[in-house]
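Okay, structure first, notes after.
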Amino acid sequence: MENIIKLNQKNLAEIATRIPCPTYDRSKIKTGIVHVGIGGFHRAHEALYTDQLLHDPSVTDWGICGVALLDFDTKIYNILKEQDGLYTLIVKELDGTHTTRVIGSIVECLFAPENPIKVIEKMASPEVKIISLTITEGGYNYNEATKAFDFSNPLIQHDLEHPQAPKTIFGYVAQALKLRKERGLKGCTIQSCDNIQGNGHMTKRMLLSYVKRAEPDLTGWIEANVSFPNAMVDRITPATSPVDIANLTETTGIDDAWPVVCEPFKQWVVEDDFSAGRPAWETVGAQFVDDVVPYEKMKLSLLNAGHSVLGILGALVGYDTIDEAVGNPNISAFLNHYMDVEVTPVLGDLEGINLKDYKQSLLKRFGNINIKDQIDRICSESSAKFPIFILPTVNAQLEKNGSVKLAAFVTAAWAIYSLGKDEQGNALTIKDAMKDVLHEKAEASIERPQTFLDLESIFGTLKDAPNFVEAYTEAYRNIVNRGVEECVKDLNSNILNNN
Ligand code: CS2
């Protein structure tokens, strides 16, 4: 393509002759949502739903102000700023084609480390009704061992000492809500879009723990004026690769420094509890329900846990992408058994949901060969993911004296993975806030496998559950001796023979 155009507001009309673009007047859209965490997932999900909604001419109050909270977010902030908040969303369809459009709902961007007060003021401004979050599972500062907010985190200590220049979401939101209260403004909704069971409950509990210490007089006001809806969010959004960026330019002539790629499927099930009103997201496909807990549980323990199973086992075997792992019939059979034997019996009542169809659809989504979802991405931050995706299933099974063999196998594989090499001896790229301690425990586990389970902030009291420890230790030794694939074959045939 000869004429390459930079994606920005000035060029939008010309870009619209090539791919669909926002047709609403972005300059007329007011900010009603401050969103913290402008990574790929937010841009493939909430920002897309909102963009679709803004095409209704009567909707002008629900633009998004994207906040980059961490120094780590400098790059995305600079790019979005230069592109006037615009970016391209590339949906990778199952048949290999791409559906590409420009999204316009992010109408402002702020970089918190550069100007914290500006972010606090924005969150406190009267037109803002929702502060939404994608701050990752680890961002909630919850410690599995103490089952409480982690005050030992140095960043939290920093925020307690420097309330006007915070570094964590808790510091920012506490100050913003304090301003709202002082100014006699209404409350707002804090809306988590992260993969956590009861994500709204978790957000409320963690925020109130922080506020009790930081601004004790504020807790009652928060209880009375701020809502925290739970939500299940879903859309597989791999990291954008340099090839994705180059392909976009080649096929459309659009120069976008950070487009987002995602699967066609998307789902957003939200509790209808918005203290200051909300966009009519239901008109663009979101589902509002009274109780989202069953949906969340199903998604976290089947989809997200399924990802971790494929990721950890696949990484050890030497795969790079999730579709390769699910394309291995032994591994996909293992995943099916895990879902059927260990997860399904503890999911509880899922009225109106056809679980069999749901599980089958997951295998299809994981198998989308166009997505090429990176195993590195899936395995990243496993120390925050395991307690949410896998361990609730284990604990529920232990309570009813049920099977934990397959989850124990995946946990043992993770301990071996944490040594940093796959089964061919190739180095694995481990991205995890607890990387060093995981590695240390993994080394000590070579002699005594269950040492890995001593990590209480991840495993809680699991090291005291004999059934789990036994299954884990056996799995560990088997994997070391025979490799993942042989072990998985045995487990699969044992399950088939027992049924
Ligand atoms: C993934 C999720 O990070 C992970 O481990 O399981 O990012 C997953 O792709 C999304 O939750 C899909 O909705």
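What follows is calculated from the coordinates using simple rules that are stated; it is not laboratory data. Treat the numbers as computed from the prediction; the structure is a model and nothing was measured. Here the Cβ is made from the backbone with ideal geometry for all residues, glycine too, and neighbour counts use every protein chain on show.
At a glance:
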read-out: Theoretical FRET efficiency, 1/(1+(r/R0)^6), r = Cβ-Cβ of Q360 and K30, R0 41 Å, to 0.05; value: 0.40
read-out: Burial order of peptide ranges 237-243, 405-411 (average beta-carbon count within 10 Å, highest first); value: 405-411, 237-243
read-out: Distance from segment 348-367 to segment 237-305 (C-alpha centre basis), Å; value: 18
read-out: Neighbour net charge for A44 - beta-carbon separation under 12 angstrom, K R +1, D E -1; value: +1
read-out: Lys, Arg +1 and Asp, Glu -1 on Cβ, resulting dipole of segment 5-289 about Cα centre, debye, nearest 20; value: 600
read-out: Alpha-carbon gyration tensor eigenvalues x 5, square-rooted, for segment 293-498, Å; value: 24, 20, 17
read-out: Length added when fully stretched, V437-K6, from 0.36 nm per residue minus Cα-Cα; value: 150.8 nm
read-out: Per principal axis, descending, Cα span of segment 136-263 in whole Å; value: 57, 38, 28
read-out: For segment 50-112 versus segment 157-194, the gap between their alpha-carbon centres in whole angstrom; value: 24
read-out: Compactness of the chain, expressed as Rg and Dmax over alpha-carbon positions, Å; value: 22.9, 68
read-out: By average C-beta atoms within 10 angstrom, highest first, the peptides 269-278, 33-42; value: 33-42, 269-278
read-out: Sequence-distant residues sharing a close amide H with F288 (under 5 Å, placed H); value: V270
read-out: Positive-end extreme of charge dipole, the chain - chosen from Q157, V346, T429 (charges on Cβ); value: Q157
read-out: Cα-centred dipole magnitude for segment 79-126, charges only on beta-carbon of K, R (+1) and D, E (-1), debye, nearest 20; value: 80
read-out: Placed amide H near D432: partners under 5 Å, 5+ positions off or other chain; value: E381
read-out: Around D454: net Lys/Arg minus Asp/Glu count, Cβ-Cβ under 12 Å; value: 0
read-out: Residues whose placed amide H lies under 5 Å from that of C109, excluding near-sequence neighbours; value: G66
read-out: Signed unit charges on C-beta, dipole axis of the chain, positive-most listed residue C188, L363, F111; value: C188
read-out: Given charges at beta-carbon only (K, R positive; D, E negative), |dipole| of the chain in Debye; value: 700
read-out: Karplus-derived HN-Hα couplings along segment 485-499 (A = 6.51, B = -1.76, C = 1.60, θ = phi - 60°), whole Hz, x at Gly and Pro; value: 5, 4, 4, 5, 4, 4, 4, 4, 6, 4, 5, 4, 5, 7, 9
read-out: Residue-wise HN-Hα coupling along segment 418-426, computed from phi with Karplus coefficients 6.51, -1.76, 1.60 (Hz; x: Gly, Pro); value: 5, 6, x, 9, 7, 6, 8, x, 6
read-out: Local net charge near I236, Cβ-Cβ under 14 Å (Lys/Arg +1, Asp/Glu -1); value: +4
read-out: Volume of the Cα convex hull of segment 5-289, divided per residue and given in Å³; value: 130
read-out: FRET efficiency estimate (nearest 0.05) - Cβ-Cβ, K489 to H55, R0 60 angstrom; value: 0.70
read-out: Bridge type composition, the chain - antiparallel percent by DSSP, nearest 5; value: 35
read-out: Kirkwood-based Rg to Rh ratio, segment 310-404, C-alpha trace; value: 0.98
